[in-house]
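Below: one structure, written as structure tokens.
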Amino acid sequence: MNRKTLVLPAVVGLLTPVLAACGGSDSGSKNGDAIVVGTTDRFTATKDAPAPVDPAYAYDEATWNVLRQTVQTLMVQPKGEGDPVPEAAESCGFTDSGNERYACKLRNGLKFANGDPVTAEDVKYSIERALRIKSSSGVSALLNTIDTIETQGDHDVVFHLKTADATFPYKLSTPVAGIVNPKNYPKGKLRDGFAIDGSGPYTVKIDVNNNTGASATFTKNPNYKGSLQVSNSQVVLRTFDTAEAMGAAIDKGDIDVMTHTMTPAQIRRLDAGTDHNVDLVDMPGLEIRYLAFETNAPSVKSKAVRQAMAQLIDRGELVSKVYGIQAEPLYSLVPATVTGHSNSFFNKYGNPSVAKAQDLLAKAGITTPVKLTLHYSTDHYGAATKREFQVLQKQLNDSGLFQAAIQGHPWATYRPAEQKGEYDVYGMGWFPDFPDADNFLAPFLDKDNFLGSPYSNPTIQRTLIPASRREADRSNAASSLTAIQDIVAEDVPVLPLWQGKQYVAARNDITGISYALNASSTLQLWELGRGVSG
């Protein structure tokens, strides 16, 4: 086993891996056979979510990892350090000094996988469709700074924004801005099921079992034109029920690559170097975990209760007991490696203290112990999640100030229930849409937020978020970003817990694994090849 650690430099701006990829070319896999990638991520069609892979609805890591391979966007996040680069577009840029007018020119000869031409009207249709549908997932909020979209001929698209938004190029790199064929995607409603039609580097066939995607076969799209170099002819993304089953499959050679989510025990075993057939790559990650609150619920409506929880939870103990080297304590929604981060929760609460938590509750007249239930997903964030919530439960209950229970639910029912406000306190994870501090704040705090949270702070929404987006140099947004984080630490609508590393394990004849995931934990299957690992 060879362990490879990618170290990302601390730079002013956005952080992405900068090491060269381990081989790969546009000629496809050495033997022409499919590369098989294992994951425990899954997506399911349900009554509440009948269209899991429609770009106007999809808003989780599992579905986005399918869409990014198949649905082309105007911009794409680079595999190296830097800002987004053109993908379906030949060029894009702001055409005014106020970051309110953004123009893109499409590449010549763009086609959907079925051969239909891709035009500026298709881009307009796709993005306006997502805004019009405004699905319950909240993904359309990524595009909420768009006022109008103008087309000029077949190749030019101009976005007129309501307010300045220096992060807009990143938003155009996300699947909600993906270009879809109007023939297959109705204007005013979601496309149910698992079919995807786009112009990205691959076409896809999803095998479904009990309304859940069991595997997805990605085949190189012969009509693709864009900036990505595809290093294989076919990749199969195979879903496993457990990380242990996925690990057994890579040990036997049934799969070539193992991604999200490996258990802490698997990471330790691979890190020990006992398996000479598998390489492990670890890199700094931007994944975060946090507790969220239904702030109108009686048990947590008083911010003193939420503040007391912030005062009691010992992140260091949580990480060491559950995740070890895989994670680090987090004291803000914004990870420590992203420009604009502030340790706001540590600055306000310091080290865990039962006495301080008791004082907060007493001053607010809260009767103790406070009874509540911590909810978590049993199948979405990895096998260690239950243990994580057991540790959180014990920390709260050992204080004598809380009487906390824990309850797990499958993601298919968990996410809709959370959106409907059925859980007072619940655990969530966040894999950023793009690696900027704005994307760790606005999705939780802006109007039409991802969580469907009733919490609303006018200063954040009307003043601080717009102020931060006016700054093209993101380091100049630090004051408004810090102010947002300080308000969150005071009001505690969410409670950050930890940020994690990301890992990929691959059999040692697979190349390109250093770029199999980017800084936003996005799978980049086109980077994988078969040959001699570097």
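The values are calculated or read from the model by the stated rules, or taken from the named source; none is laboratory data. Keep in mind the model is a prediction, meaning the values are calculated, not measured. For neighbour counting, all protein chains shown are included, and Cβ atoms are generated from backbone atoms with ideal geometry for every residue, glycine included. Note: accessible area is taken over every heavy atom of the protein model, side chains too, but ligands, DNA and RNA are not part of it. Shrake-Rupley method; radii C 1.70, N 1.55, O 1.52, S 1.80 Å.
Calculate the FRET efficiency for Asn397 and Lys252 from the Cβ-Cβ distance with a Förster distance of 35 Å, rounded to the nearest 0.05.
0.25
Using amide H atoms built in the peptide plane, which far-off residues or other-chain residues are under 5 Å from Lys225 H to H?
Lys111
Along the range 188-205, what does the Karplus equation 6.51 cos²θ - 1.76 cosθ + 1.60 (θ = phi - 60°) give for ³J(HN,Hα), rounded to whole Hz, x for Gly and Pro?
Residue by residue, the range 188-205 yields x, 8, 6, 8, 5, x, 10, 7, 9, 10, x, 10, x, x, 10, 9, 9, 10 Hz.
May I ask for the Kirkwood hydrodynamic radius of the range 377-534, worked out over all distinct Cα pairs and given in angstroms to one decimal?
After inverting the mean inverse Cα-Cα distance, the result is 18.7 Å.
Under the 0.36 nm per residue contour assumption, what length would be gained going from the current alpha-carbon distance of Ala195 and Ala405 to full extension?
The span from Ala195 to Ala405 would gain 71.6 nm if fully extended.
So which aspartates and glutamates can Lys124 reach, going by Cα to Cα under 18 Å and dropping same-chain residues fewer than 8 places off?
In chain and number order, the partners are Asp54, Glu87, Glu90, Glu100, Asp116, Asp147, Glu150, Asp154, Asp156, Asp197.
For mean projected area of the Cα convex hull in nm², which listed value, [x] 22.4; [y] 24.0; [z] 26.4, comes from the coordinates shown?
Answer by label: [x].
Filter Lys301/Lys386; Lys134/Lys501; Lys189/Lys447 down to the pairs with a C-alpha to C-alpha distance above 30 Å, please.
Lys134/Lys501
First compute the accessible area of the chain with a 1.4 Å probe, then give the percent of it belonging to carbon and sulfur atoms.
48 percent
Using helices alone, what [θ] at 222 nm do you get for the chain, with -39,500 (n - 2.57) per DSSP H run of 4 or more residues, divided over all residues and rounded to the nearest 500?
Result for the chain: -6500 deg cm²/dmol, rounded to the nearest 500.
Roughly what % of DSSP beta bridges within the chain run antiparallel, to the nearest 5?
If I count the DSSP bridges inside the chain, around 75 percent turn out antiparallel.
Gain in length, Ser320 to Asn210, computed as 0.36 nm per residue apart minus the alpha-carbon separation, to one decimal in nm?
Taking 0.36 nm per residue and subtracting the Cα distance, the gain is 35.9 nm.
What number comes out for the charge environment of Tyr170, summing +1 per Lys or Arg and -1 per Asp or Glu over other residues with Cβ under 13 Å away?
-3
State, in angstrom, two size descriptors of the range 333-382 derived from its alpha carbons: Rg to one decimal place and Dmax to the nearest whole number.
Radius of gyration, then largest Cα-Cα span, for the range 333-382: 16.0, 41 Å.
Give the distance, in whole Å, between the Cα centre of the range 55-103 and the Cα centre of the range 144-174.
Using only Cα atoms to place each centre, the spacing works out to 11 Å.
Tell me the trypsin sites (Lys or Arg not before Pro) within the range 445-482 that lie in a loop according to DSSP and have at most 13 other beta-carbon atoms within 10 Å.
Sparse-neighbourhood loop trypsin sites (Lys or Arg not before Pro): Lys447.
Tally Lys/Arg at +1 and Asp/Glu at -1 over every other residue whose Cβ is under 15 Å from the Cβ of Asp424; what's the total?
Neighbourhood net charge equals +2.
Collect residues whose amide H, placed 1.01 Å from N in the peptide plane, falls under 5 Å from the amide H of Asp379; neighbours closer than 5 in sequence don't count.
Hits under the 5 Å cutoff: Trp411.
So, in nm, how far is label Ser479 from label Leu131 when the simple model puts each one 7 Å beyond its Cα toward the Cβ?
So the label points at Ser479 and Leu131 sit 3.1 nm apart.
List, in order, the whole-Hz ³J(HN,Hα) value for each residue of the range 282-290 obtained from phi through the Karplus relation with A = 6.51, B = -1.76, C = 1.60 and θ = phi - 60°; use x for Gly and Pro.
Per residue, the Karplus-derived 3J(HN,Hα) values read 10, 8, x, x, 10, 5, 10, 10, 7 Hz.
Using a simple spin-label model with points 7 Å from Cα along the Cα→Cβ vector, what separation in nm is obtained for Asn296 and Gln229?
If labels sit at Asn296 and Gln229, their model points lie 5.3 nm apart.
List the residues, sorted by chain then number, that are 5 or more residues from Leu74 or on another chain and whose placed amide H is less than 5 Å from its amide H.
Ala88
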